[in-house]
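Engineer: Got a structure for you, written out below as structure tokens; questions coming shortly.
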Amino acid sequence: MILPPVRDPRLVTVRRGGSLTDDDHRLLALWAADCAERVLPLFERSAPDDDRPRRAVEAARAWARGELPMMAARADGGHAMGAARPLTGAPRFAAYAAGQAACVGHVAEHDLGAAAYAIKAVVAVSDGDAGAGRPPVDDVRRAERDHQRALLPDAVRALVLDDQARRSPLCWNLFDD
């Protein structure tokens, strides 16, 4: 569960009574796509003939550019999550990250889902290699989180960081320090 029981009006679009502008909504979708795309190879190595997660990342970007209706992007997100279901570990989390990214156009708060699942994917790879000279898992988690934060557009940085602090418990505490 990554969505809060009470929505933050700053992450609800202006059309739905919140204060999130269309421009900032698009930035959140692009950031989520960047987070998800970084871990896509973890899925693609496991299922090289399944392009559903890659299509979901592309759909998130196409929606942000105004080239794809929200419902089509959301459907691609659902297909990516379908690709995740039979898998385990990093490939599963990578596909979920892509699915979440494609759903940002529908609900902006899916941005943290994409980021959190991407972190889970990186951690799963690292955890599987524990003892093989790899850094501690918590260092890997923080490094991916910090990389994602470095990708944040200035216009939505404060909003996302505040949301991460607020929703980290719902996102497996992956955004904690």
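Engineer: In percent, how large is the relative contact order of segment 1-74, given Cα pairs closer than 8 Å and 6 or more residues apart? Mind showing how you got there, number by number?
Structural biologist: Numbers: 53 pairs, mean separation 16.3, N = 74.
Reported relative contact order: 22 percent.
Engineer: Rounded to a whole number, what % of the accessible area of the chain do carbon and sulfur atoms account for, probe 1.4 Å? Working shown, then result.
Structural biologist: Numbers: 4310 of 8070 Å².
Roughly 53 percent of what the probe reaches on the chain is carbon or sulfur.
Engineer: Now a separate question. What number, rounded to the nearest 500 deg cm²/dmol, is the helix-based mean residue ellipticity at 222 nm of the chain, given -39500 (n - 2.57) per DSSP H run of at least four residues and division by all its residues? It would help to have the intermediate numbers written out before the result.
Structural biologist: On the way: 7 runs with 113 residues, N = 177.
Helices in the chain give a 222 nm mean residue ellipticity of -21000 deg cm²/dmol.
Engineer: If you take Cα extents along the principal axes in Å from the coordinates, which of [x] 50, 37, 27; [y] 68, 47, 26; [z] 47, 33, 29 do you get?
Structural biologist: Recomputing Cα extents along the principal axes in Å here gives the entry labelled [x].
Engineer: When the Karplus curve 6.51 cos²θ - 1.76 cosθ + 1.60 is applied with θ = phi - 60°, which whole-Hz ³J(HN,Hα) does each residue of segment 112-120 get, with x for Gly and Pro?
Structural biologist: 5, x, 4, 5, 5, 5, 5, 5, 4
Engineer: Give me, ordered by chain and number, the residues 5 or more places off Ser19 or on other chains with an amide H under 5 Å from its own placed amide H.
Structural biologist: Long-range HN contacts for Ser19: Arg10, Leu11, Val12.
Engineer: How far apart, in nm, are the 7 Å Cα→Cβ label points at Ala158 and Val6?
Structural biologist: Spacing of the two 7 Å Cα→Cβ label points: 2.2 nm.
Engineer: Also, quick follow-up: So what is the accessible area of the chain per residue, in Å², with the probe set to 1.4 Å? Intermediate results must be reported in sequence, preceding the final value.
Structural biologist: Numbers: 8070 Å² over 177 residues.
For the chain, the per-residue accessible area is 46 Å².
The values are calculated or read from the model by the stated rules, or taken from the named source; none is laboratory data. All of these numbers come straight from a predicted model, not from anything done at the bench. Here the Cβ is made from the backbone with ideal geometry for all residues, glycine too, and neighbour counts use every protein chain on show. For the accessible areas, the whole protein counts, side chains as well, though only heavy atoms, and no ligand, DNA or RNA atoms are used. Shrake-Rupley method; radii C 1.70, N 1.55, O 1.52, S 1.80 Å.
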